Structures are given as C-alpha cells and as structure tokens.
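Read through the structure below, which is laid out as structure tokens, and then see the notes.
The values are calculated or read from the model by the stated rules, or taken from the named source; none is laboratory data. Source: prediction; values computed, not measured. Glycine also receives a Cβ, built like all others from the backbone with ideal geometry; neighbour counts cover every protein chain displayed.
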Amino acid sequence: MKLIQASLNENNLKNKPETKSAFIAIVGRPNVGKSSLLNALVGQKVAIVSNKAQTTRTKITGIKTQGLTQFVFLDTPGVHKPRTKLNDYMIEQIRQALIDVDLIIMVAEAYGNNISDEEDRLLKKLRRNETKKILVLNKLDKLKNKNDILPRMAMFAKEDFDAIVPVSALNKEGLAELWQQLACYAKQSVHFFPDDMITDQPEKIFVSELIREKLLYNLKAEIPHTIAVVTERMAERKSQTNIIDINVTILCEKPRHKAIIIGKNGSMLKKIATEARIELEYFFDCKVNLQCFLKVKEDWRNKQQFFSNIGL
C-alpha cells in the first residue's frame, strides 16, 4: 500500500503545472513613456506619469500575474547626465535594475530623425550587457501613417535586439504582440509575490508620488525638479472607517518656489490638493481628508542622508 501511495504522489508531482516568472527591466531616455508602458502592462497605475523629464526618481516594481506566469517589471529613471546627488542616485537605480534580470526592454519613441545622445549612451551600455533585449517603440498613436515607423526601426536594426515592437501605451495598441514576446523569457520558477499584488511600493510612497505628479502637471519651468513630497501621517479614522486622514509635507528649495506653489490666495495649492484627493479616493475607495503643508529645505537634492525621508 505504501508503494502504491508513493507512486501516486510521484505522478501528482509530475503532472503538477509549473509556475513561471520573468524579471524585466524597463530603460530609456527621459519622457519616452516608460512609466506609461509599465502602467499599461500592469493594468493599473503604479507609477506616476507626466510630460516632464525625470519624473521617475527610483526603481518602481510593477507586478502582473497571468495564470501560472508572473511578470515583475522594474521601471527606472530616464538616462541623463547627473548634476546633483539625486541625479547620481537615479543613475545608480538604472545600473542596479540591469543586474540579474531575464530581459531588458529599451523604450524609445516611434518617431524621430536620429538616435539621441542619451539613447546612444544607453545603447553602448546595453551592448556590454549579455542579457536578452527587445526594443519597444512607444507613442505609435502620434504617427499619422504607421509606415512612418519603418525608418525609425531601421535606425536600431543594427543593435542586438531580439525583437522591435511598436506600441502605444496610451491606447494599448501593440500590447498583445508585446505580451507574446515577453512570454518567451519566462522561466520555471516560484512566484516571488502574491498573485494579486501589483506593486511592492508602500502606500505612503504611492501617496507622496501621486501628489508630486500633480505638482509636475501644474507647475512650470525648473520648479518641479526641486520638489519632494513626504507623507507624514496616514491613518484611518477610528470613528469613521470610510475616511483616511493624510498629512503630507511638500518640500522646495527656495522661498520663492514656496510662494509659486501656494499661488494667489492659495489657489494653486488648492488645485493640486483637490486633484490628488480625487485620485486618492478612487485608489483607496473611500473618502480622503488630505492636508498639505509646505517647507523650504535648501539644496536637499545634494543631501543624500535626506533621500530616505522621501522614499528613495
């Protein structure tokens, strides 16, 4: 009887479906839509987006489990020349993301007459990396004629990419073809995160980043890059379980920046806080009481000991 049972257990193990996983780094120059692509692949917003360069400051993990396969995406800051210690930190995040992944996705725009200096520097680094790579040409929706992408594809054809996939992260065009490519790089493995998890980013950091996104959208010139957001307090009300109280501090480097963020009669800060509150209520599915405070912290981008306070 014991021999029969052992044989049955052995057969069950052989017939048990094998789970798979793939770790995938997403890289590219600033403002090509890396975070938009991450959100489109995950199916929910896990990374903030804006039309300003250097929106992403650290690695952001997005997770998508499809059946037995789990894809773990590492979104990275845009490749750029460092000018502050914060920039140095961002470049280091890119370097770390390229270590021990199964695939590297380089994102570039689907249009353009040349390969930019930032892209050229990135391509040189990727040539020295033996990890498999594919190129995603994003913003396909910007092209009036889809054939206009052919010269752009030819520019990158000499590089060591396994595939070149045109997509529009905005309207999801080309994502099915991209998923077919990504599935080729999944390996038999345990799932490293719960199957219903979409990011390992703490809620406090997500709140801070969402508010920073609204600052990026509403403020002009260099001001957004001198701003950080710290979520100081986040708690559900004991008396009313459907309300979350959130207190954040917005840090800027100069008093005149503080005045701009506040705006005439507080109008700008009110607009930013309202936009953030509406999206936070949708995300948390409850009422949010958001209180925003401002503080001047001169030259914080060159004070590395301060980075942990803003989730870096």
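Okay, here's what the table says:
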item	result
Within segment 233-245, considering residues that are surrounded by fewer than 20 Cβ atoms within 10 Å (Cβ to Cβ) and of a type in the set (A, V, I, L, M), the one nearest to Leu294 (Cα to Cα)	Met234
Total residues in segment 267-306, condition in a helix (DSSP H, G or I) and either modelled with pLDDT of 90 or more or touching a Ser or Thr at 6+ places or on another chain (Cβ under 9 Å) (or both)	18
Selected residue (criterion: farthest from Val248 (Cα to Cα)) from residues of segment 176-204 that are surrounded by 19 or more Cβ atoms within 10 Å (Cβ to Cβ) and among the aliphatic types (A, V, I, L, M)	Ala186
Any hit, segment 64-75, residues being modelled with pLDDT of 90 or more and either outside the structural domain of Phe23 (by TED's automatic domain parsing) or farther than 24 Å from Ala47 by Cα (or both)	yes
Options Val207, Val167, Val248, Val230; residue that is crowded, with 17+ Cβ neighbours inside 10 Å, of a type in the set (Val, Ile, Thr) and assigned by TED's automatic domain parsing to the domain that holds Thr76	Val167
Pick from segment 251-266, criterion of a type in the set (Lys, Arg) and in a helix (DSSP H, G or I), ranking: surrounded by the fewest Cβ atoms within 10 Å (Cβ to Cβ)	Lys264
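One line per residue, one yes/no per condition, for (1) of a type in the set (D, E, K, R); (2) touching a Cys at 6+ places or on another chain (Cβ under 8 Å); (3) more than 30 Å from Phe73 (Cβ to Cβ); (4) touching a residue at least 60 places away in the same chain (Cβ under 8 Å):
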| site | (1), (2), (3), (4) |
| --- | --- |
| Ser189 | no, no, no, yes |
| Pro202 | no, no, no, yes |
| Glu213 | yes, no, no, yes |
| Arg233 | yes, no, yes, no |
| Arg237 | yes, no, yes, no |
| Asn242 | no, yes, yes, no |
| Ala259 | no, no, yes, no |
| Asn265 | no, no, yes, no |
| Glu275 | yes, no, no, yes |
